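Structure record follows, encoded as structure tokens.
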Amino acid sequence: MYRSFPVTAVPERERFGYFCAVVDDVFCPMQLQARGRSCDYFRGCVEATDIGSVRLAKVSASPCEVTRFAGDVARLSEAPYLVKFQMKGESHWSQRNKTVHLTPGDFVIASMAEPYSLQLFDDFEMPVLALTSRTMHTLTRDPDQFLGVRMAAEEADCGLLSSFVSQVVARISRLQEPMISRVEANILDLLGGVLSARNAHGAVSTAQLLGQVKAYIGNHLHDQRLGPAMIAAAFTVSKRHIHSLFAADGMSLGRYVRSRRLDASRRMITHNPGMSLTDVALGCGFYDLSHMSRCFRQQYDVTPRDFRALLEAPTAADPKRS
């Protein structure tokens, strides 16, 4: 759900405090200090939306300093990773005794599990991706190797990701399902590609590869081409190897993909009551509504249409909903 928090919504003298509270709520606890001017004249806005497993926000504000102390870290039960893109203005980012200078188009990866500081020298715009530790670890074996490393706009892959994220945040208020799942998949694919190209740890284990393949499947459920050939090409392995990964895990690739699509369709029906079932089917990678209905009934003993009716009933209860 898209949310916008402009500081103009509150009286001038309360604006900086309001902005600080919004940043804490949208991201995590941290300390902010206005630079070069009174807090009374602070300008700022935070826009945020969740796109699947990723939170995407755009922070626009007057110059300020951001510090995350050890005490702030202790206040967070699950620390995400933030990918911060410098769209406008310049900044200095510091973590793990590394300091990088960010200019428009650059980005940096930060761990909220550790202290850091960020100095924003001008009026700035900064899109921010918030990813859970689990999601980040599906993209790369060791995310912490990238902390405090400048991802430069002049490098082709980094510039492509930065440009794409900038285009997405420009349309953040108008994103709707099923486009949201496709945007998430593209962002995670691009970020994963950037990190893979810079991975210092070489080959991954079988368990790690299986985890990455499952994450890839989850990000491409909407694509009807999803199957052994597409997955094998994405990971530069044979189709036989992909099948063997799932056989060792106790479920065939086809059954796993179908199960993930059915889970996605059930969530989409639950959380998007106005969405047509045909759009749900296509958004989850089924060939058509009939295809989804057959699979849905086999899995849940109820058709998608009847499942929606149960949800809309005053005393609706789905015994199979987890």
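The values are calculated or read from the model by the stated rules, or taken from the named source; none is laboratory data. Remember, it's a predicted structure, so these values are computed and weren't measured experimentally. Ideal geometry is used to build each Cβ from the backbone, glycine not excepted, and the neighbour counts take in all protein chains shown.
Quick notes on this one:
- Residue count for the range 190-249 satisfying the condition of being closer than 28 Å to residue 159 by Cβ and acidic (Asp, Glu): 1.
- Residue check, residue 36 at positive phi, over 18 Å from the mean Cα position of the chain (by Cα) and either among the hydroxyl-bearing types (Ser, Thr, Tyr) or at pLDDT 90 or above (or both): no
- In this structure, residue 86 does not satisfy being in contact (Cβ under 8 Å) with a residue 24 or more places away in the chain, out of contact with any helix residue (DSSP H, G or I) (no Cβ under 7 Å at 6 or more places or on another chain) and either more than 19 Å from residue 169 (Cβ to Cβ) or not assigned by TED's automatic domain parsing to the domain that holds residue 70 (or both).
Quick grid of which residues meet (1) aromatic (Phe, Trp, Tyr); (2) crowded, with 19+ Cβ neighbours inside 10 Å; (3) more than 11 Å from residue 140 (Cα to Cα):
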site: 173; (1), (2), (3): no, no, yes
site: 177; (1), (2), (3): no, no, yes
site: 184; (1), (2), (3): no, yes, yes
site: 208; (1), (2), (3): no, no, no
site: 237; (1), (2), (3): no, no, yes
site: 241; (1), (2), (3): no, no, yes
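- Counting only helices (runs of 4 or more DSSP H) that sit completely within the range 218-305, those holding 1 or more residues that are under 21 Å from residue 53 (Cβ atoms) and hydrophobic (A, V, I, L, M, F, W, C) correspond to 228-235, 253-271, 277-283.
- The set of residues from the range 164-200 being touching a residue at least 40 places away in the same chain (Cβ under 8 Å) and within 14 Å of residue 127 (Cβ to Cβ) comprises 165, 166, 168, 169, 172, 173, 175, 183, 187, 191.
- The range 221-243 residues that are more than 17 Å from residue 181 (Cβ to Cβ), paired with ones that are small (Gly, Ala, Ser) and exposed (fewer than 15 other Cβ atoms within 10 Å of the Cβ) (beta carbon under 7 Å, 6 or more apart): 232/238; 239/229
- Restricting attention to the range 14-33, the residues being buried (at least 16 other Cβ atoms within 10 Å of the Cβ) and part of a helix (DSSP H, G or I) number 8.
- Check on residue 115, buried (at least 16 other Cβ atoms within 10 Å of the Cβ) and farther than 22 Å from residue 164 by Cα: yes
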